[in-house]
Amino acid sequence: PFHEEKWSQRLEELRHFRKMSGHCLVPHTYPHNPQLARWVKRQRRQYKLMIQGKASTLTSERVALLEDIGFVWDSHVASWTEKVSELRTYRAMHGNTLVPSGYKPNPSLAVWVKCQRRQYKLY
């Protein structure tokens, strides 16, 4: 019962986060609610265990509740997809994907593009 109450409380906090931000991608380090950030990370870990057929605290009912509000199971894929979308917007505006390192409208896109280029060279 206690764990069920805590889980439900965190779900409500996640719903509130989604209402305020428009998504369920709680940052790994979220100073406003570090407990929520840890809980989200735990749900993702428990989900991996569940789909691998290992012991997990996540139930199919909980998965459904999370998916109903747009929970993202793989945050890395979601953030990569978001950056690709931002890069497409940049290309539509500028005719290329040569995002300058000091691109003031979207500094994180500039950093991401630089990182992608570095990773490509390593490949």
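Structure summary
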quantity	calculated
Net charge dipole size for the chain [Lys, Arg +1 and Asp, Glu -1 on Cβ; Debye, nearest 20]	660 debye
Neighbourhood charge, 15 Å Cβ-Cβ cut-off, centred on residue 22 and excluding it, Lys, Arg +1 and Asp, Glu -1	+2
Computed over the chain: relative contact order in percent, which uses C-alpha pairs under 8 Å that are six or more apart	15 percent
Nearest 10 degrees, 0 to 90: helix 2-21 Cα axis against the chain principal axis	30 degrees
Of 54/114; 6/104; 48/83, those spanning more than 32 Å from alpha-carbon to alpha-carbon	54/114; 6/104
Net length gained if the chain between residue 81 and residue 29 were fully extended (0.36 nm per residue, minus Cα distance)	16.7 nm
Most mobile listed residue (65, 36, 14) in the chain, GNM with C-alpha springs under 10 Å	65
Estimated [θ] at 222 nm from DSSP helical runs (n ≥ 4, -39500 (n - 2.57)) normalised by residues in the chain, nearest 500	-22500 deg cm²/dmol
Gaussian network model of the chain, Cα within-10 Å springs - most flexible of 104, 48, 83	104
Global geometry of the chain, whether rounded, prolate or oblate, following the gyration tensor of its Cα atoms and the 1.5 cut on a/c	prolate
Modelled label reach - residue 42, point 7 Å along Cα→Cβ, the range 56-74 residues with backbone N closer than 14 Å	56-59
Under Karplus coefficients 6.51, -1.76 and 1.60, residue-wise ³J(HN,Hα) of the range 106-123 in Hz, glycine/proline x	8, x, 5, 5, 4, 5, 4, 4, 4, 5, 4, 5, 5, 5, 5, 5, 6, 5
Using alpha-carbon coordinates, inclination of helix 34-51 to the longest axis of the chain, degrees	80 degrees
Heavy atoms of residue 90 accessible to a 1.4 Å probe, total area in Å² rounded to 10	20 Å²
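The values are calculated or read from the model by the stated rules, or taken from the named source; none is laboratory data. Note that this is a predicted model, so its numbers are computed, not measured. Quick reminder, even Gly has a Cβ in these numbers, built from the backbone with ideal geometry, and neighbours come from all protein chains shown. Please note that ligands, DNA and RNA were not included when accessible areas were found on the heavy atoms of the full protein model with its side chains. Shrake-Rupley method; radii C 1.70, N 1.55, O 1.52, S 1.80 Å.
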